1. Here are the criteria: (1) touching a residue at least 12 places away in the same chain (Cβ under 8 Å); (2) not assigned by TED's automatic domain parsing to the domain that holds GLU132. Tell me which single one THR231 does not satisfy.
2. Pull out all pairs, ordered by first then second residue, where Cβ-Cβ is under 6 Å, the residues are six or more apart or on different chains, the first lies in segment 23-51 and is under 19 Å from ARG186 (Cα atoms), and the second is in a helix (DSSP H, G or I).
3. Suppose we filter segment 178-199 for residues that are surrounded by fewer than 16 Cβ atoms within 10 Å (Cβ to Cβ) and either charged (D, E, K, R) or not in a strand (DSSP E or B) (or both); how many remain?
4. Name the residue that is surrounded by the fewest Cβ atoms within 10 Å (Cβ to Cβ), counting only residues in segment 80-113 that are under 36 Å from the mean Cα position of the chain (by Cα) and under 24 Å from PHE190 (Cβ atoms).
5. Given THR155, THR208, which one is surrounded by fewer than 17 Cβ atoms within 10 Å (Cβ to Cβ), outside any helix (DSSP H, G or I) and either without any contact (Cβ under 8 Å) to a residue 12 or more places away in the chain or not assigned by TED's automatic domain parsing to the domain that holds LEU90 (or both)?
6. Consider GLU185 carefully, then state whether it is at pLDDT below 95 and closer than 19 Å to THR103 by Cβ.
7. Is it the case that some residue within segment 52-73 is over 30 Å from VAL33 (Cβ atoms), surrounded by fewer than 16 Cβ atoms within 10 Å (Cβ to Cβ) and polar (S, T, N, Q)?
Amino acid sequence: MHMTWTVVGLSVDAVVVFLFYKLYQNSAKAAQVVEETEVYNVGSDLLYAVRSTDDRCLQYVGVTGRVEAVSKPLRSQYTDDLGVIQHILLVEHKSERKQGFWTNVKNVIKDRFNTTAFRLVPPHGDVGVDVEDPLSAELITDALTVTHDHFEANTAGALSRGIDRIFGEVSKGFQETEKMLRLDERMLAFGTVTLHGGSMKLSPPDDTRDYILTTHDKAEVVQLLKSKARTLKMVAWLCGALGAGVVIYMLYKYYVRQKEQRDMDSLYAEVLRQRQQVAAHSTDGDSNGEEDQSQNCVICLTNPREIVILNCGHICVCADCAQALPTPRRCPICRADIERLVLTYRP
């Protein structure tokens with residue numbers, strides 16, 4: 001059973017290593033792709049590049065511009081900020097008693113995104129790129145600016161808090177946070193740019209390349225992706241080292257068991273030779289009559305005591321019973337761990 005669970009654990013570890021290594025490869029490849037991708041400022045150069053293709057499509061390209069709402073922008077619930085993406089998060093902070101210990105817990109009550117159509121435009125000019133499906137883009141949440149963050153502590157009375165502690169759940173308060181992608185933010189996007197009816201659209205790529213919307217510049221995006229790749233690689237190596245350590249330990253245990261078995265086989269062969277010698281002396285008339293039963297093995301009560309148990313030094317078992325001792329082997333007299341078995345020689 002122990003071996004079965006060890007094999008299962010090694011199999012799971014191998015799968016985890018494989019998954020993290022694939023994630024590392026994807027992140028490293030994404031960093032390389034972004035680093036090699038040409039970036040255009042929204043404007044006539046980008047429009048000319050799209051029109052120059054046969055299918056009016058740039059499969060993967062970088063685009064920079066400022067955020068502009070296509071229709072009515074979103075307004076912050078707490079400030080005068082205007083934007084095109086709004087993230088509202090309401091979290092209850094509380095303490096819960098679990099198995100006798102109090103732990104801090106966050107309970108998400110509201111987690112909502114509001115969006116409106118927007119595009120990236122140059123500082124001056126009418127050319128723009130409509131952004132499609134922005135919430136599916138990588139790094140988009142990092143581009144949101146906190147416009148409101150307020151924690152309201154629980155003002156319940158002492159009696160109510162005492163009852164909550166009896167039931168093992170105490171509310172500390174509520175934290176409400178609002179983030180927005182504000183108008184006129186300068187953004188960098190990586191994706192597919194297509195030309196439809198005179199207007200350009202930015203959408204997620206059809207292949208495995210990352211769709212990215214961020215306020216970072218290109219160098220910062222590459223650095224973020226490389227940092228992520230290094231972290232994933234380190235986790236993969238750690239999981240691999242853990243699995244390798246388990247394998248080495250199992251091989252060591254196997255070697256120890258095999259050595260113990262060889263030593264036991266050699267010892268048993270020597271016991272058989274000694275028994276043959278004793279039997280030969282007995283047939284020659286050297287037997288002194290009835291054997292002393294007090295010197296028989298304490299386990300089988302039949303064979304004579306033939307083995308010295310180290311390190312305790314007890315002479316209490318025959319070779320047959322010594323071979324049959326269960327693992328981990330312990331002295332049947334004092335229950336001390338058996339380090340070594342030595343054959344005793346009787347005159």
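The values are calculated or read from the model by the stated rules, or taken from the named source; none is laboratory data. Because the structure is a prediction, the values reported are computed rather than measured. Virtual Cβ from ideal backbone geometry, glycine too; neighbours counted across all protein chains shown.
1. (1)
2. VAL34/VAL221; VAL34/VAL222; VAL39/LYS218; TYR40/LEU46
3. Going through segment 178-199 one residue at a time, the tally reaches 4.
4. PHE113
5. Checking each option against the conditions leaves just THR155.
6. Considered against the rule, which asks whether it is at pLDDT below 95 and closer than 19 Å to THR103 by Cβ, GLU185 comes out as no.
7. So far as segment 52-73 goes, yes, one or more of its residues are over 30 Å from VAL33 (Cβ atoms), surrounded by fewer than 16 Cβ atoms within 10 Å (Cβ to Cβ) and polar (S, T, N, Q).
Here is a yes/no grid of residues against (1) in contact with a Pro (Cβ under 9 Å, 6 or more places away or on another chain); (2) modelled with pLDDT under 90; (3) surrounded by fewer than 16 Cβ atoms within 10 Å (Cβ to Cβ); (4) on the phi > 0 side of the Ramachandran plot:
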site: PRO134; (1), (2), (3), (4): no, no, no, no
site: ASP142; (1), (2), (3), (4): no, no, yes, no
site: ASP149; (1), (2), (3), (4): no, no, yes, no
site: ILE166; (1), (2), (3), (4): no, yes, yes, no
